[in-house]
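Readers should treat all values here as calculations from the given coordinates under stated rules, not as data from a laboratory. Keep in mind that what you see is a predicted model, and the values were worked out from it rather than measured. Cβ placement follows ideal geometry from the backbone for every residue including glycine, while neighbour counts extend to all protein chains displayed.
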Amino acid sequence: MSELANHTKTARASDLIERNDVTVTNIAARRGARASLDELARATFGVSLPSTPKAVEAGGTLIVWAGPDQWLIIQKEETGRDHYSELAKTFNGLASVIDVTESRTIFRISQARPSPVLSRSMGIDFHDAAFKPGDVAITHVSHLGVIVWRLPDGTAYDFACARTYSRDFGDWLRKAKA
Amino acid sequence: MTQSAQTARLKDRGLIDRSQSLTFTFDGVPYNGYAGDTLASALLANGVRLVGRSFKYHRPRGILTSGSEEPNALVELRSGARREPNTKATITELYDGLEAKSQNRFPSLSLDLLAINGLVSPFLSAGFYYKTFMWPASFWEKIYEPMIRRAAGLGRAAQEHDPDSYDKAFAFCDVLVVGSGPAGLMAALTAARTGARVILVDESFAFGGRLLSDVRTVGGANGADWVNSVVAELKSFPGVQLMPRTTVFGAYDSGQFGAVERVADHVPVPAAGVPRQRLWRIVAKHTIIAQGALERPIVFGNNDRPGVMLASAVRTYINRFGVKPGETAVVFSNNDDGASTIADLVGAGIRVAALVDTRTVLQPATKSFARKHGIRIFEGAVVADAIGSSRVTGARIVAADGTSQNIACDLIAVSGGFNPSVQVSTHLGGRAQWQQELAAFVPGALPKGMAVSGSAKGTFGLASCLKEGAQAGEAAAVASGFQAKGAAVPAADDEPSDISAFWHVKTAKHKAFVDQQNDVTAADVALAEREGFRSVEHLKRYTTLGMATDQGKTSNVNGLAMLAQLTGKTIAATGATSARPPYTPVSLGALAGEHRGKHFKATRLTPSHDWAKERGAVFIETGMWLRAQYYPKPGENDWLTTVCREVNTVRNSVGVCDVSTLGKIEIHGTDAGKFLDRVYINMMSTLGVGKARYGMMLREDGIAMDDGTAARFADDRYFITTTTANAIKVLQHLELCRQWYWPDLDVQIFPVSDQWAQYSVAGPRARDLLAKIVDAPFDISNAAFPYMAVAELTVMGGVKARLYRLSFSGEMAYEIAVPARQGDRLMRTLMAKGEEFGIAPYGTEALGVMRIEKGHVAGPELNGTTTAADLGLGKMASTKKDFVGRVLSQRPGLTDPTRPRVVGFRPVDRSQRLRGGAHFIGKSDAAVAQNDQGYMTSVAYSPSLGHWIGLGLLANAESRMGEILRAYDPVRNGDVLVEVVPATFVDVEGARLRV
Amino acid sequence: MRINCPHCGLRSNDEFSYLGDASVVRPDPAAPNATEAFYAFGYERANIAGPMQELWYHAAGCHAWLVVTRDTRNHEILDVKSAQEVALERQKAAGTAQ
């Protein structure tokens, strides 16, 4: 089920798309295990888990800060692979791991720089110098919770909102990307 | 249409665009104006002086000012659904097709029958509401109020829905500059040159402030040209946002400002997709308030007659709009503004009959200028009264020696000095301070990050304003981390600004208005003082001085100065009323933004919402959710028929209900069990893996907070549910417990409500149905998967799922959860596979009926006043551990055995209907509050029993089984005899759960 | 009001919800005077004019509880700390990890 495909005719024709081809795993460090978890993450992904609101790219995997000692691991869906189970196994004992692929709808606006409308749309300063590639913000839009990040390569903004709100959020986003 | 006369248009002046002629109507009469006009300037150009009637006395009123402080020239703009009352003609930008009507007149502007209010004015004096209409009290609503509303008041709001859209927006900057006069422009320019992000806001459609209205030279150029060059330079910086037609209406904490941008108020109908107005929240590191100063009138007799105008407004109409505000002027001032005004009047070819100044000695230059142009000079004199009934025809001047004479004129330009605009800079509580030498209030202590610059601060000279603005702009940029570039301040002169405070002409013979918008006179102020309303705040409330759409911008200071004279106190000791947002009125549309109609709030839809819609479900809003309430079949014409069928299907075969709205939270970590022991009243650490348990949480004060189930999937992995309504509250509470109460526990909390689509499959055939969709080798038999078992499994050929053997209905039942995007498919599959059992989907109504039949508590019982014991769950509380709410739940008041507790009820006459909210009263007791023993919390028609049943809170409930009581419901004329029964109505032993 | 969340940065107060005085600490439920102590914990509050330590929850952000020092007279935010860090330090100081 695609929120955009079902409710707009131009879902993929525009620079606003819904990302349906990823799995999202939420990991949270166990108490006292932050350092060893990071060590393991570096061994696994080749990068550190960001300790500030940042998103880092690691060989096709995007690691998004999601609160203190919490991250979203966003991976491309692959047939025959269970990303969640693999991560749960990898981080067993050092992190709590849950599959949240279905928790949020992720919309993407492909804009290298924020449009004027996007810039004024949220209580987050989207100015190019203030919200840089790789920056993350957990915030809300008209009372709808959202995690927004700018891709580390600067090509797009992703908005992850609770799935059950995503029709309203999609409506809002279509306006905001204009 | 023929070119209308515009008889009062000056040929060679003004910043209007004469190549763009615009047509508009006022009270149905067509007129022409030009692009760049306001409605007020265009009306004046056409010789229209009378534009409205006053609030209380229906006196004729004209145009006093040229800005947003206007008390008189309020009109209804547009018509039909777009009709907007109390629009200030002085700031309404003229557009082609503009339609305006005068307000508060009956039947017409020139003939107003209610002007008779002026004759009965002794009854309408200060405090008249409180005195005249006190008795008899019953008259207030029926007679007095409608009468007053008919006679008094301002414009009429539109009755239809507003057809326009409104937008909300956010902006961020290093330096916010409010106001674009000389100080504001220099501040913005200086800050912009350092590379800072600058926002420049002005309420007008043109930047420049007084530089557009006065004939001044800046840096060798004409003021208006200099403004254009600065605006052009500002536009060249990518970090500068210019916001004309925008009013900063309020200052809020931490550098936040509210502003309204009138995006499309200057066109008849906004273009497609363009909002009418946009509400901005501006977040600024530093702010420079440069809103200038507003001229104040002097209070004299008939000072409200059309033709009495502020001197600065006279100059604005001449210089900015190229309009003659009159043919023959008398200028009345107590400061050097009078001299500037006679110069501009003469320059525009308007005859000046006299300059009347309260000061005893005027500048020699002023006097020689006057002599040269035949202007009579009155030093130490006053204009005591304006002469004329519907417009000014002369001025009665009382000279220094007390002699009085009338001089013919049609314009009285008045200046009582200037009030710096201290509103926004004092919104956060800094009290304005009186400066005697300026005869003005200036800003007090400023909030962090705010500076005030130019005449808003009491700095009245042009050169000083430019310099001060440049300094403020640089300081703000530097404080934001930018390098100073050294500000070059253009050359200009400081105009003379000598003043001698003067407020009120006591020799006036006629009504002298302090507050023209509220019709508050000098006599009202004196009356209020005599009656003891001697604080400015009391004066304001008693007389209404300073209220309404102009918030007393032209009247407050005069009013309090007059009060000070009456009480013999200084103005400093008298003080000023507090200014609060908004600075100027903000439309409700702008405040609502897009949150109206179906967008009033967000809607949450469950994963199988589309299926339910196809199925013809009737939906109900519960919180943000839209939930299926019941699923009518063709031919079922009332909800009860449908709900009874749904209940019967569950009790006899199998039904499915979407319970995805339940709050769902994962609790992980090695201390998860210990943590749950501390937040639930019952023990959760002893729960076996693969099992679930009902649980209840209390607030720390011992009152029940929420109930739900906890399931354990691994030693360190629990999953709990909350009620739909409390999902967010419970999460917040658990985070408080985790982070603040017990920060050392190894617990991680994940809200996962949206991850899972969850369905209750209930009824004797539930297992048969589920057996068809669970993947092998999962064993769903009762032995392998008994009541309260839970498991992770796959269904429908590989879909990850969770199965919980829980029952809310009292039947053998399961809850099955699949990832949200599989919800729609699961629902359709269950319906298809359940066809052979006669499956029915059921909604929240049937769910509610069955829970009442089983005596399960829900929202009406978990109402924030009940304890676990009140709910019949007291025995669940563990005595082996502490938990949130335990200590205070043992307070005597909460353990009192006579507290109302949940118990069941049925009507003695089984055919009678029960009503929620009915109060219990002894069978033979009178229906009075003292006899109240509790009330009915939930009722339902039980299809299983064939009569109405209820749950209720009743004092001493346990000992009263079988007692007959009255269930008294005066609101719906209900008075039913009910019998107290146990709270479980169906399958009392709970046998069906475990089969 | 803007609150500088130590995790997320400066955000407007509409992202936060307020609980109250952060200087009161949940008492020891096993203490002999637990009832009185919990009563005070639940109900007794000073009405502070000036800097006050308060618990705020970053509800629309990172879900962290924060100890915010706010001047109640002018809403100036003087300090913001992670409540969990504050609580851990308090436990360490008292030697009362549970």
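Values computed for the structure shown
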item: Acute angle (nearest 10 degrees) that the helix B:556-567 long axis makes with the longest principal axis of chain B, alpha-carbon atoms; result: 80 degrees
item: For the stretch B:17-129, convex hull volume per residue from C-alpha positions, Å³; result: 111 Å³
item: Most positive-pole-ward Cα, B:Gly52, B:Val75, B:Ala40, against dipole of the stretch B:17-129 from beta carbon charges; result: B:Gly52
item: Neighbour-count ranking [beta-carbon atoms within 10 angstrom, fewest first] of B:Trp948, B:Trp503; result: B:Trp948, B:Trp503
item: Estimated vicinal HN-Hα couplings, Hz - the stretch B:941-953 in sequence order (Karplus 6.51, -1.76, 1.60; Gly, Pro = x); result: 7, 8, x, 5, 9, x, 8, 6, 9, x, 10, x, 9
item: Shielding of A:133-146 by partner chains, average beta-carbon count, 10 Å; result: 4
item: Label point distance in nm, A:Thr90-B:Asn222, each placed 7 Å from Cα along Cα→Cβ; result: 7.2 nm
item: Per-residue mean of C-beta atoms belonging to partner chains within 10 Å, peptide B:747-758; result: 6
item: Rg to Rh, two decimals, where chain B supplies the alpha carbon set and Rh follows Kirkwood; result: 1.11
item: Under Karplus coefficients 6.51, -1.76 and 1.60, residue-wise ³J(HN,Hα) of the stretch A:127-138 in Hz, glycine/proline x; result: 3, 3, 8, 9, 10, 8, x, x, 7, 10, 9, 9
item: Value of relative contact order over the stretch A:46-178, rounded to a whole percent, pairs C-alpha under 8 Å and six or more apart; result: 22 percent
item: Within 10 Å of each Cβ in A:16-29, the average number of Cβ atoms from other chains; result: 1
item: Anisotropy class of the stretch B:805-921 from Cα gyration tensor, a/c 1.5 cut; result: oblate
item: Rg over Rh, two decimals, the stretch C:2-94 (C-alpha only, Kirkwood Rh); result: 1.01
item: Cysteines without a disulfide-compatible partner [the protein assembly as shown; Cβ-Cβ under 4.7 Å]; result: A:Cys161, B:Cys173, B:Cys409, B:Cys465, B:Cys644, B:Cys657, B:Cys737, C:Cys62
item: For B:Ser68, B:Ser425, B:Ser368, order by how many other beta-carbon atoms lie within 10 Å, fewest first; result: B:Ser368, B:Ser68, B:Ser425
item: Those lysines that a straight Cα-Cα span of less than 20 Å connects to B:Lys168, excepting residues fewer than 8 apart in one chain; result: A:Lys175, A:Lys177, B:Lys598, B:Lys601
item: Virtual spin-label span in nm between B:Ala271 and B:Ala491, 7 Å along Cα→Cβ; result: 4.4 nm
item: Lysines with Cα under 20 Å of B:Lys235, excluding same-chain neighbours fewer than 8 positions away; result: B:Lys485
item: Gained length - B:Glu537 relative to B:Thr570, 0.36 nm times residue gap less alpha-carbon distance; result: 10.3 nm
item: For B:Asn956, distant residues with modelled amide H under 5 Å away; result: B:Arg899, B:Arg901
item: GNM top mover of A:Leu94, A:Leu151, A:Leu72 - chain A, alpha-carbon springs below 10 Å; result: A:Leu94
item: Nonlocal amide H pairs with B:Tyr935, under 5 Å, H built at 1.01 Å; result: B:Phe920, B:Leu953
item: Per-peptide average of other Cβ atoms within 10 Å, ordering A:36-43, A:98-105 highest first; result: A:98-105, A:36-43
item: FRET E, pair B:Ala232, B:Ser389, Förster distance 56 Å, beta-carbon r, rounded to 0.05; result: 0.70
item: Theoretical FRET efficiency, 1/(1+(r/R0)^6), r = Cβ-Cβ of B:Glu979 and B:Ala484, R0 56 Å, to 0.05; result: 0.05
item: All-pairs alpha carbon distance profile, the stretch B:901-946, 10 Å steps from 0, percent; result: 23, 52, 22, 3
item: Cα gyration tensor, the stretch B:693-813 - rounded (a/c under 1.5), prolate or oblate; result: prolate
item: Rg over Rh [alpha-carbon atoms, Kirkwood Rh] for the stretch A:78-160; result: 1.07
item: Stretch gain in nm, segment B:Asp715-B:Val215, where the contour uses 0.36 nm per residue and the Cα spacing is subtracted; result: 171.7 nm
item: Cα shape, the stretch B:897-994, gyration tensor, a/c 1.5 rule; result: oblate
item: Separation in nanometres of the label points that stand 7 Å from Cα toward Cβ, at C:Ala93 and B:Leu591; result: 4.4 nm
item: Computed E for C:Ala40/B:Ala955 - FRET, C-beta separation, R0 22 angstrom, nearest 0.05; result: 0.15
item: Reach of B:Lys540 by Cα under 28 Å, taken over lysines that are not fewer than 8 positions away in the same chain; result: B:Lys56, B:Lys88, B:Lys131, B:Lys142, B:Lys457, B:Lys506, B:Lys509, B:Lys511, B:Lys553, B:Lys569
item: Order of B:Asp344, B:Asp975 - criterion: other Cβ atoms within 10 Å of each residue's Cβ, fewest first; result: B:Asp975, B:Asp344
item: Crossing angle, helix B:462-479 versus chain B [Cα axis fit, 0-90 degrees, rounded to tens]; result: 30 degrees
item: Nearest-20 debye value, the protein assembly as shown charge dipole, Cβ charges on Lys, Arg, Asp, Glu; result: 1360 debye
item: Other-chain or far-sequence residues with amide H under 5 Å of B:Gly219's (modelled H); result: B:Ala491, B:Ala492
